[in-house]
Structure formats: C-alpha cells, structure tokens
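The values are calculated or read from the model by the stated rules, or taken from the named source; none is laboratory data. In this text, all values refer to a predicted model and were calculated from it rather than measured experimentally. A quick note on method: Cβ atoms are made from the backbone with ideal geometry, for glycine too, and the neighbour counts reach across all protein chains shown.
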Amino acid sequence: MTEQNGDFRSGFVAIIGRPNVGKSTLLNRIVGEKIAIISPKPQTTWNKILGVKTLPHAQIIFVDTPGVHEASSKLNRNMVNTARKALHDANVALHLVEATDPLLLQCEQVVWQLLEGAKVPVILSINKIDLVKTGNVFAENLLTFQYTKVICISALLGTGVDLLEREVVSLLPHGPKYYPDEIFTDQTERVMVGEIIREQIFHLTHREIPYSCAVLVEDFKEREGGAIFIRASINVEKESQKGIIIGREGRKLREIGRLARVDIEQLLGAKVYLDLWVKVLKNWRRKEYALREFGLA
C-alpha cells in the first residue's frame, strides 16, 4: 500500500448482476486484459475475480462476482455468498443489467434483495445498448430502486465505459494506492491457467457437463530452455461425464487442450506443454472438502 497525495482516490467496486449480463466482459474491457473467462452460457464465473485499473489520479479495484441467482446446490450457494461478501466489502456497487431483457423487472428481484442491505453508492449500468435502439428503455422502471447514477454502456464495444469509469472514480473515497502500477489482478498464474482450461470446457461441451467440471492445476514448472510444463486435472462427478470430456479416441480432450494451450502461451509468454487428465470425484459440488480444494468454498 502506497501513500498518495490528498487528491488521490481509491477503493473497491463490486460488480453485481444476474448470470450472463456481461460482468466479466466489462471487467476485461476496463482493465484492458483478459482476466475473466467468458462464455455464452450463464454462471461461467464461479468465484470473485479482482481487476485493478490504475490511473494518474485514482486506483479502482473491481471485483467481478458470480451471477446472483436462486441457489440450490452448495456450490451455487457459495457463489451467491461470494457476491454478497464482495458487496459488503465494497466502497461502490455496480449493478449490471441487460438492455435487451424483456423480463428484467421480474428477474432483478433477487439482485435488489442483495442490494437493499448495501450501505454504499449503487450505480445502475444498462449493458448491451448496441443491441437496442434506445439503451435506457428500462431505466425509468428500474429507478424504483434508489440508484446513485444510471449509465448506458456496451461492454463489448466500449461505448459509455469511459463515462462509467469517471463516475466510479468520483464516488470513491480519498485513499492510498493498494497495488503497484503494473499489477492488474490478484490471481496467480496457476488460477488463471485453470480458468482458461475451464473456459474451453464451457465452449466445447453442453448441458450439465461444463457445470460439473472443476479444474485443478497440479503441476506447474519451467523446464530447461524456458518451456513450461503444466499438468491439470478436470474433475467430473460421474463416469459418463468423464467419457464425454475425453470424447471418442480422446478427440474432445485433445481439442480442449489445444485451444487452451494457445491462450495459456499468450498469458505466460512462453511455450507450454499441457498435460490434461480427467478424474471422477462423485458429487463434488456437494462436498465441502472438494469445494475447498478447488478454491470454491
């Protein structure tokens, strides 16, 4: 933590919203690095992801959270609790919604329940305005909740993101710089590698399969010549799921590894040898020790 002059602002901003509204896309856009995985499927983010944006006059520490939803399993309850804790620890909350959602007023009730206890400024950010003619189509109805600001954006194209960033900074308290300028996330390389592998599972598998897979990086070491050897396990809940992940003659697993390796090499800036294994841990989503091992407790 570095002391700054009295005009410097800093603090934590919790990005809150339902699954698949673009929270991770917004985080990546603001930070300028891919630190959160993205998938068309809902509930891709399983844990909080911290992204740091350092400006000459401020440092914003964004916390991307799992989508808020009606949770049933232990894993899903942990995900919602992660969002609740991030909101509790924040200086500012950013409620992200979709401009294109015709059921918005019904679906946001679970998020509003979470926000009601917030004692911080809450910005409503209406995302995906590039997909509609009038980006503020839902704004008047949503103002039944006491938002500090309402801003329309496109996280994908960057429209309105600079304005959103300025408004966030104006609401932060004066404070120190928490992270050095070159730091843009608190995630370790091991964690980011595991997330990249999980992203490809989301892209290449369907139905319950991606939600039943936890990735654990078991070995990560540099070899002579600068290449990096990574061994990771994909943990599923059933034998049948193992067969689907491996695929006929191992084709699905090889494709997951091939696509993941490209992004991992870009992340690490080195040649990567990626060794993937599939293991069965029955009903791991219901077991506390398994959730702890996978960093999801």
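Remarks
- Condition check for Ala270: outside any strand (DSSP E or B) and buried (at least 19 other Cβ atoms within 10 Å of the Cβ): no
- Matching residues in segment 195-210 - criterion: being under 16 Å from Gln241 (Cα atoms) and assigned to a helix (DSSP H, G or I): Arg198, Gln200, Ile201, Phe202, His203, Leu204, Pro210
- Yes/no for Ile201 being among the β-branched types (Val, Ile, Thr), touching a Cys at 6+ places or on another chain (Cβ under 7 Å) and buried (at least 19 other Cβ atoms within 10 Å of the Cβ): yes
- When each of Val68, Val137 is tested for being modelled with pLDDT under 70, part of a loop (DSSP other than H, G, I, E, B) and buried (at least 22 other Cβ atoms within 10 Å of the Cβ), the lone residue that passes is Val68.
- Pair list, Cβ < 7 Å and 6+ apart or interchain, from segment 246-268 residues that are on the phi > 0 side of the Ramachandran plot to residues that are in a helix (DSSP H, G or I) and surrounded by 15 or more Cβ atoms within 10 Å (Cβ to Cβ): Gly247/Leu253
- Residue among Val161, Val193 that alone is under 26 Å from Phe12 (Cα atoms), modelled with pLDDT of 90 or more and assigned by TED's automatic domain parsing to the domain that holds Leu253: Val193
- Filter pass, Leu267 being over 17 Å from Ala214 (Cβ atoms) and either at pLDDT below 95 or touching a Lys or Arg at 6+ places or on another chain (Cβ under 7 Å) (or both): yes
- Filtering segment 240-297 to residues that are among the small types (Gly, Ala, Ser), farther than 30 Å from Gly225 by Cα and more than 24 Å from the chain's Cα centre (by Cα) leaves Ser240, Gly243, Gly247.
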